[in-house]
Amino acid sequence: MQNVVSFSDPAADPCRPDRTIALTRGVTRLFLDLGLAPLCEFRLANGRRADVAGVDRKGRFVIAEVKSCRADFEVDQKWPDYLDFCDQFYFAVDPDFPRELLPGTEGLIIADDYGAAIARAAEDRPLNAARRKAVMLRFARQAAAKSFAAPIDP
């Protein structure tokens, strides 16, 4: 008999919003500790939405893609679409995540409900000046809009 997974079962659901929220909180705290100004759910010009983006005092952009479980990673393979919009890219997972699934070429953050740590440094992919300016403006507009809870078209 073949095992069938039902996505009506919350434990089998690849979208685990409770874990995603907790891991995002941990990554956000790490970004703050690293001197990055974090923004959750950052909309990129290509229509994708990064889980956590951060910018440092020099204008360097870092993106972390939060993966709450194996199924979340396996069904969502859009992460390469983020690489053109950041200087560094990380996967952020909890300590029990099967790390062998993740590409070894990208950075790795281990997170929990309270904090996070970098387990593998991300490759530096410096943005060109025009892209950096465009991403910076988009980041600033979205951050300002969130502070007033008024959605705007970035």
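The values are calculated or read from the model by the stated rules, or taken from the named source; none is laboratory data. The structure displayed is predicted, hence computed values, not measured ones. Here the Cβ is made from the backbone with ideal geometry for all residues, glycine too, and neighbour counts use every protein chain on show.
Before we move on, is ARG16 more than 19 Å from ILE118 (Cβ to Cβ), under 11 Å from the mean Cα position of the chain (by Cα) and either among the basic types (Lys, Arg) or at pLDDT below 95 (or both)?
Here the answer is no, as ARG16 does not meet what is asked.
How many of the residues making up the stretch 89-106 are surrounded by fewer than 20 Cβ atoms within 10 Å (Cβ to Cβ) and either free of Cβ contacts under 8 Å to residues at least 40 places away in the same chain or in contact with a Phe, Trp or Tyr (Cβ under 6 Å, 6 or more places away or on another chain) (or both)?
The total comes to 11.
Just one of VAL52, VAL27 is assigned to a strand (DSSP E or B), at pLDDT 95 or above and not small (Gly, Ala, Ser); which is it?
Sole residue among the options that is assigned to a strand (DSSP E or B), at pLDDT 95 or above and not small (Gly, Ala, Ser): VAL52.
Criterion first (exposed (fewer than 11 other Cβ atoms within 10 Å of the Cβ) and either of a type outside the set (Asp, Glu) or in contact with a helix residue (DSSP H, G or I) (Cβ under 8 Å, 6 or more places away or on another chain) (or both)) does ALA130 satisfy it?
Considered against the rule, which asks whether it is exposed (fewer than 11 other Cβ atoms within 10 Å of the Cβ) and either of a type outside the set (Asp, Glu) or in contact with a helix residue (DSSP H, G or I) (Cβ under 8 Å, 6 or more places away or on another chain) (or both), ALA130 comes out as yes.
Kindly establish whether GLU74 is at pLDDT 95 or above and acidic (Asp, Glu).
Answer is no for this residue.
Please find, among ALA121, ALA37, the residue that is touching a Leu at 6+ places or on another chain (Cβ under 9 Å), surrounded by fewer than 16 Cβ atoms within 10 Å (Cβ to Cβ) and modelled with pLDDT of 95 or more.
After ruling out the rest, the residue left standing is ALA121.
Taking the residues in the stretch 63-78 that are under 9 Å from the mean Cα position of the chain (by Cα) and not charged (D, E, K, R) as candidates, determine which candidate is surrounded by the fewest Cβ atoms within 10 Å (Cβ to Cβ).
Step by step, filter the stretch 63-78, then rank; the result is ILE63.
Can you work out which of the residues in the stretch 56-71 that are within 20 Å of THR28 (Cα to Cα) and either assigned to a helix (DSSP H, G or I) or hydrophobic (A, V, I, L, M, F, W, C) (or both) is modelled with the lowest pLDDT?
Among residues in the stretch 56-71 that are within 20 Å of THR28 (Cα to Cα) and either assigned to a helix (DSSP H, G or I) or hydrophobic (A, V, I, L, M, F, W, C) (or both), the one modelled with the lowest pLDDT is CYS69.
Going through CYS40, CYS86, CYS69 one at a time, which residue ends up being free of Cβ contacts under 8 Å to residues at least 60 places away in the same chain and touching a Lys or Arg at 6+ places or on another chain (Cβ under 6 Å)?
CYS69
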